[in-house]
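The values are calculated or read from the model by the stated rules, or taken from the named source; none is laboratory data. In this text the structure is predicted, and so the values were computed from the model without any measurement. Here the Cβ positions follow ideal geometry from the backbone for every residue, glycine too, while neighbour counts run over all protein chains shown.
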């Protein structure tokens, strides 16, 4: 392994350009070329950006969730709430650019030591929270102590477990020391939106109102601030107004009204009827319908997710690699995407999601033993005794991909029943390893680490299907300690090749991150799984 | 009568207690762990354990039950474990919406059902009767969520007359806006309800119209209008009131689905969300409320009988 300098992760920017340069320097020419090519590819048309942005107006955002349990970053567990709502209420140390590279947020610059153990952030001058309290390095340390306090039971505490010290030499400097290098640290713990563990929160309001209330009426430092009278009470939504004191200047919109609309078909109707101006995410089943409406703009960003079929190795026949491979080879991914999602999606060859352009390789450039080959699948199924066998597919809400998969696998003689349960039961059975197979995967990831460690490491919390591979463990650990992004990307691809061969999952598809809005909504910058709305304005 | 009402109220307390206790234990029997559900993608065994301890869900069941019941007696329904709000707070914001929806649905149902039922009975076996029967049949068969979606498509998306989702506060946004938001969901629930009521109005009236006292009234030379309204309809309404009371369940269960379709966070949607999230305190609190509503509604129905028919006495 070549030793490369960790400090390439230092900011004010960790850009594609750095990655391309590094890739070229280390001889990964194909990778550099691909990065350059994707950069040159035409992007989604985002209205007429050359128009002069107008200040003012209210954006009504239709949000698809049954309820928002909390808006406290340290307690919040839903990825879309983090990326799409918390990112507007809270700034963090760093934020994402359109390629999920990192750029400054509250921290104007940051330095990473060569050994990857010391992160030194320099905060901007004159930062304040929405209530006017100044935001200094001390608030970052308070946030660290709050999130990692065992009594507080933050679900994000584990992302801070690598930290051995947080020092604040002066008001603008935060020096964080890790016990061991942890490559995803900036993305998963320090980023605006997903980096909930270290998203700075103010001590005074939290001590005054308590943790519970802070989740309803949070005080952040992002471009928009919550209107306390419209406090989030779970299922109703809330309002945010422009924060005049944001370091980046006042955002263009006056107000954002977040309207919770749990039912996907109602969400589509609300957008078409003009009840809302924008949807957080387009339900895949409604994409084609919205695309036909001339009053609407649809914008795609590559997804940070992957989906596949997992096989519980504790149950026959899934302990047999031939049986797993038979399923993997039986699925025509594009046909599945066309039938289940009306063509919305990308065939998947592994767990590296398309949004992570620095590591992702398009399926047509990847040779995988899991590639669709019905004849080979039938032969394998025959050999593994899959023909005429029965098994079940654990499922919760969305039926479509399950139905389609069931029909596809009938082709190789497998009788798959769909074991449909409520979400709560689904998670419980998943975590207990009580299932034969299931369609699952990783969504709303800030870093590929989320979608790899959790599923494929022998100690990953969602590795409940019994995949233990020393080689996979070694590679995953290496990606966490990897010296630079190019090296990391190489390791992820090596791991992907291993996973394709050992078939812990039959990898199926990636879904794009699609949003839709009325044509008078302008200036939206698509960043995968994020909805940073400070640049949005209304042409009315 | 007072004694009767008192006795019924005491019975009611036991029914409600039984109901609440049953829900408490049944909820914990159904599969699904609130902590795992809450953590979702952030699940790790350590995080789950820490959260379970924080929420007091690691304690023995009987301890949790006694604590919960003690709190109820003090009027404290507890706090949602899935969101930061209190159960009382959620009910206080949700109940007015569900009651508005139920009241308007009921009104719509009555306005449709009584005239249609009377017309069908008086014009028995004519085109009017058949038409009313067909409409009622369709109304009963149509799931309210489906009808709701159709209403949204027609009146909100295509015609653009009414909003597709949401609720407006009567006090903040005014009567017109309140009505504009409620009319479609109320129609979605009220239509099915009207269909059922209409069949009972028709059947009840037909039966009464054949009775001796109606014939007597007619023989005395009373005007037809008086015979129908004063003598027949009043008696025909007794079974209708019974059905209306029982079918309160229909209104509430209709609200559960329709509130989701129309994105109104009333009691129904709160309850469904809480069940999906295994939000124990919230489910218990809302079910307790629903039990109270049911028991009281049945009591009211029994009392209303005595006004409709002076022969009914409770000793």
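Residues checked against (1) in contact (Cβ under 8 Å) with a residue 12 or more places away in the chain; (2) within 14 Å of chain B (Cβ to nearest Cβ); (3) under 30 Å from residue A:183 (Cβ atoms); (4) surrounded by 15 or more Cβ atoms within 10 Å (Cβ to Cβ):
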position	(1), (2), (3), (4)
A:376	yes, no, no, yes
A:400	yes, no, no, no
A:410	no, no, no, no
A:419	yes, yes, no, yes
A:424	no, yes, no, yes
A:429	yes, yes, no, yes
A:432	yes, yes, no, no
A:438	yes, no, yes, yes
A:455	yes, yes, yes, yes
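Count of the range B:77-92 residues, restricted to those that are in a helix (DSSP H, G or I), out of contact with any helix residue (DSSP H, G or I) (no Cβ under 6 Å at 6 or more places or on another chain) and at the interface with chain A (Cβ under 9 Å from one of its Cβ atoms), is 1. Go over the candidates B:14, B:24 one by one and state the one that is outside the structural domain of residue B:295 (by TED's automatic domain parsing), loosely packed, with under 12 Cβ neighbours inside 10 Å and over 22 Å from residue A:68 (Cβ atoms). Being outside the structural domain of residue B:295 (by TED's automatic domain parsing), loosely packed, with under 12 Cβ neighbours inside 10 Å and over 22 Å from residue A:68 (Cβ atoms) holds for just one of B:14, B:24, which is B:14. Under the condition of being surrounded by fewer than 18 Cβ atoms within 10 Å (Cβ to Cβ) and facing chain B (nearest Cβ under 7 Å), the residues counted in the range A:143-157 number 1.
Here residue B:127 clears all of (1) farther than 19 Å from residue B:267 by Cβ; (2) not assigned by TED's automatic domain parsing to the domain that holds residue B:269 except the condition numbered (2). Considering only residues in the range A:222-234 that are crowded, with 23+ Cβ neighbours inside 10 Å and modelled with pLDDT of 90 or more, the one that is nearest to the chain's Cα centre (by Cα) turns out to be A:222. With respect to (1) more than 19 Å from residue A:63 (Cβ to Cβ); (2) outside any helix (DSSP H, G or I), the lone exception for residue A:297 is condition (1). If you check A:472, A:446 for being part of a helix (DSSP H, G or I) and either out of contact with any helix residue (DSSP H, G or I) (no Cβ under 9 Å at 6 or more places or on another chain) or not assigned by TED's automatic domain parsing to the domain that holds residue A:284 (or both), only one passes: A:472. Exactly one residue among A:242, A:231 is closer than 13 Å to residue A:71 by Cα and free of Cβ contacts under 8 Å to residues at least 40 places away in the same chain, and that residue is A:231.
Taken together, B:8, B:74 contain a single residue that is farther than 24 Å from residue B:276 by Cβ and either within 11 Å of another protein chain (Cβ to nearest Cβ) or surrounded by 15 or more Cβ atoms within 10 Å (Cβ to Cβ) (or both), which is B:8.
Residue A:294 passes every criterion in (1) closer than 18 Å to residue A:519 by Cβ; (2) crowded, with 19+ Cβ neighbours inside 10 Å apart from (2). Does residue B:137 meet the test of being loosely packed, with under 15 Cβ neighbours inside 10 Å, touching a residue at least 24 places away in the same chain (Cβ under 8 Å), in the same structural domain as residue B:224 (by TED's automatic domain parsing) and in a helix (DSSP H, G or I)? Spelling it out, residue B:137 is indeed loosely packed, with under 15 Cβ neighbours inside 10 Å, touching a residue at least 24 places away in the same chain (Cβ under 8 Å), in the same structural domain as residue B:224 (by TED's automatic domain parsing) and in a helix (DSSP H, G or I).
Within the range A:308-338, the set of residues being farther than 23 Å from residue A:496 by Cβ and over 25 Å from the mean Cα position of the chain (by Cα) comprises A:314, A:315, A:316, A:317.
Scan the range A:243-285 for residues that are within 11 Å of another protein chain (Cβ to nearest Cβ), part of a strand (DSSP E or B) and either crowded, with 24+ Cβ neighbours inside 10 Å or out of contact with any strand residue (DSSP E or B) (no Cβ under 9 Å at 6 or more places or on another chain) (or both) and the total you get is 1. Listed residues A:86, A:100, A:93; which is crowded, with 23+ Cβ neighbours inside 10 Å, over 21 Å from residue A:130 (Cα atoms) and modelled with pLDDT of 70 or more? Exactly one residue qualifies, and that residue is A:100.
The number of residues in the range B:119-128 being surrounded by 14 or more Cβ atoms within 10 Å (Cβ to Cβ) and either under 25 Å from the mean Cα position of the chain (by Cα) or free of Cβ contacts under 8 Å to residues at least 12 places away in the same chain (or both) comes to 2. Residue pairs whose Cβ atoms lie under 9 Å apart, separated by 6 or more positions or on different chains, with the first residue in the range B:234-263 and away from chain A (no Cβ under 14 Å) and over 19 Å from residue B:150 (Cα atoms) and the second modelled with pLDDT of 75 or more and assigned to a loop (DSSP other than H, G, I, E, B), are B:235/B:211. What single numbered condition from (1) part of a helix (DSSP H, G or I); (2) over 30 Å from residue A:237 (Cβ atoms); (3) more than 14 Å from chain A (Cβ to nearest Cβ); (4) free of Cβ contacts under 8 Å to residues at least 12 places away in the same chain fails to hold for residue B:46? The single condition residue B:46 does not satisfy is (3). You will find that of A:393, A:405, the residue that is away from chain B (no Cβ under 11 Å), in contact (Cβ under 8 Å) with a residue 12 or more places away in the chain, farther than 29 Å from residue B:29 by Cα and surrounded by 21 or more Cβ atoms within 10 Å (Cβ to Cβ) is A:405 and no other. Checked against (1) within 30 Å of residue B:35 (Cα to Cα); (2) crowded, with 17+ Cβ neighbours inside 10 Å; (3) at the interface with another protein chain (Cβ under 9 Å from one of its Cβ atoms), residue B:53 meets all criteria but (2). The criterion of at least 2 residues that are under 14 Å from residue A:310 (Cβ atoms) and in the same structural domain as residue A:337 (by TED's automatic domain parsing) is met, among helices (runs of 4 or more DSSP H) falling completely within the range A:373-443, by A:400-410, A:423-432.
In the range A:430-456, how many are within 23 Å of residue A:321 (Cα to Cα) and in contact with a strand residue (DSSP E or B) (Cβ under 9 Å, 6 or more places away or on another chain)? The qualifying residues number 15. Per the conditions (1) more than 14 Å from every other protein chain (Cβ to nearest Cβ); (2) crowded, with 18+ Cβ neighbours inside 10 Å; (3) touching a residue at least 60 places away in the same chain (Cβ under 8 Å), the sole criterion not satisfied by residue A:128 is (2).
Comparison of B:39, B:95, B:27 shows that the only residue that is farther than 19 Å from residue B:287 by Cα, assigned to a helix (DSSP H, G or I) and within 14 Å of chain A (Cβ to nearest Cβ) is B:39. All conditions in (1) within 30 Å of residue A:358 (Cβ to Cβ); (2) over 27 Å from the mean Cα position of the chain (by Cα); (3) within 14 Å of another protein chain (Cβ to nearest Cβ) hold for residue A:173, with the sole exception of (3).
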